[in-house]
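The values are calculated or read from the model by the stated rules, or taken from the named source; none is laboratory data. Not measured: the values here are computed from a predicted model. Because the Cβ atoms are built from the backbone with ideal geometry, glycine has one as well, and the counts that use them run over all protein chains shown. The area values use the complete protein model at the heavy-atom level, side chains included, leaving out ligands, DNA and RNA. Shrake-Rupley method; radii C 1.70, N 1.55, O 1.52, S 1.80 Å.
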Amino acid sequence: MAAPPRLLVVDDDPGLRELVGSFLTSHGFHVEGAADAGEMDRKLAAEPPFDLMVLDQMLPDEDGLSIARRLSGKGMPIIMLSAIGADTDRIVGLEVGADDYLAKPCNPRELLARVRAVLRRSHAGAAVEAPSVVAEFAGWRLDILRREIRSPDDVLVSLTDGEFALLRAFVEHPQRVLSRDQLLELARGPASDSYDRAIDVQISRLRRKLEQVGGRQAADLIRTVRNEGYMLSARVVRH
């Protein structure tokens, strides 16, 4: 029998940690808690690794945005919780590396659904048909099985799960305009209730990371098509 997914709930409210932990445990997850960033770091350093983190934005020793920023691209999805539910705060959370964002107080069932959806996206690259395991475009190399993207100079680019899913959607539909709704469905699944601005944020982050490694030309790989959506401009060759 496979081991249950391991979740880490980071929140300084012991009552919320107990409530969330008990609810997620009752639905088949192994859940541990941390009251602050220091305890979180100690638990992350232990084995085995966690599959996902539920992270409060406001902690006593380090805020959740800073934590999400420094953990971005390290392979562990993050769902951020915040008592501040404004769109601007959601956007900032996504910009710094969170994979999803929920306003507090949240319905435990909604959190459960988000956890399952993020884990599905995280593990989506595991079952890939052989002909499309590796895709090359404009000198870049996307290895879907290994979940890696390398520049023409063979530099590994660190992407969050959400950014990787978005890039994979472009690579699987090259030189074709994709609307925000299409990108949401391709990257997050048909049941996603995310909003289209989240796609704009993640595309901006993805372009910035590609540009940091490959220069301005790399950022232009993903083009904005006014009033329609976005398009990967390069031809893709699959192996």
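Worth pointing out:
- Length released on extending from E211 to H30, taking residue separation times 0.36 nm less the Cα-Cα span: 61.3 nm
- Between helix 196-214 and the chain: long-axis angle, C-alpha atoms, 0 to 90°, nearest 10: 60 degrees
- Calculated FRET efficiency for the pair V225/D153, C-beta based, R₀ 25 Å, to 0.05: 0.30
- The helix-only estimate of mean residue ellipticity at 222 nm for the chain, built from DSSP H runs of length n ≥ 4 each weighted as -39500 (n - 2.57), is -12500 deg cm²/dmol after division by the residue total.
- If you take all other residues with their beta carbon under 10 Å from the beta carbon of I79, and give Lys and Arg +1 and Asp and Glu -1, the sum is -1.
- Computed in the context of the full set of protein chains, the accessible area of the chain at 1.4 Å probe radius has 49% of its extent on carbon or sulfur.
- Cα centroid of the range 211-233 to Cα centroid of the range 157-173, whole Å: 13 Å
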